[in-house]
1. With the crude spin-label approximation of a point 7 Å out along Cα→Cβ, what separation in nm comes out for residue 138 versus residue 52?
2. For residue 179 and residue 5 in one chain, what is 0.36 nm times their gap in residues minus the Cα-Cα distance, to one decimal in nm?
3. For the chain, which whole-number percentage of the solvent-accessible area (1.4 Å probe, protein heavy atoms only) is attributable to carbon and sulfur atoms?
4. Just to be sure I understand the model, the point goes 7 Å from the Cα along the line to the Cβ. What's the resulting residue 124 to residue 43 distance in nm?
5. Among 136-149, 104-117, how do they line up from the highest to the lowest mean number of other beta-carbon atoms within 10 Å?
6. Taking every DSSP beta bridge with both residues inside the chain, roughly what % is antiparallel (nearest 5)?
7. In the chain, if every C-alpha pair distance is counted and binned at 10 Å from zero, what percent goes to each bin?
8. Quote the convex hull volume per residue of region 86-187, based on C-alpha atoms, as a whole number of Å³.
Amino acid sequence: MKYIKIEDLAHVSQKGKSITKSNNGNFYAVSYANIENGKIDFSKVLKCNLSNPYMDLKMYDIEKDDIILPPITRKNLIIKQLEDFETQRNMIYSSRAVYIRTDPDIYNATFLYHLLSTEKYKKKLLEEVYSDGSYKDTYQISIERLKKFKVPNIPIEEQKKRLETENKIITQIDKLQKEFLALYDDI
């Protein structure tokens, strides 16, 4: 198997900043906790005022399919992907998360997200990208090590085929789960 460094298939950066919270602002500050199952929970998102909206939004914008890693984690690494951006604009990420934004001509963002979310790759990330943090049982990310982190160099068409197969399996599991639960509906 051939491998490719993340820096050769994606842009990696750390984003986020301290913000002035305000209920009158027209910018949204999204935190790691606001993203669940690929969607932003707008009921929990803060509105804020930015000191320099043009530069802040340029530097800290969020885009659909971004893969987001926490800068500090415990042993249970949780990786997120923004799958649904809705129509909201003027949004920043507010808690210094680390972003991976793939080049869609080289690597499928959802494939990379699913790959990095496997137990095998989460363990590799903790071992190769994160190091002991300043708090007990915490790990802190190194952006430079993340850029050098290697993933399989699989052609994009093969990535898409694997995602299609995964979706078929998930659909089949959901169907079987419903059938299983239906066994007890009449009892």
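1. Simple spin-label model gives 2.9 nm for this pair.
2. Between residue 179 and residue 5, full extension yields 58.3 nm more.
3. So the carbon and sulfur contribution to the accessible surface is 50 percent.
4. 3.9 nm
5. 104-117, 136-149
6. The antiparallel fraction comes to roughly 85 percent.
7. For the chain, the pair-distance distribution reads 8, 31, 31, 20, 8, 2, 0.
8. 216 Å³
The values are calculated or read from the model by the stated rules, or taken from the named source; none is laboratory data. This structure is a prediction, so every number in the text was calculated from the model and none was measured. When we count neighbours, we look across all protein chains shown, and the Cβ atoms used for this are built from the backbone with ideal geometry, even at glycine. These area figures cover heavy atoms from the full protein model, side chains too; ligands, DNA and RNA do not enter into them. Shrake-Rupley method; radii C 1.70, N 1.55, O 1.52, S 1.80 Å.
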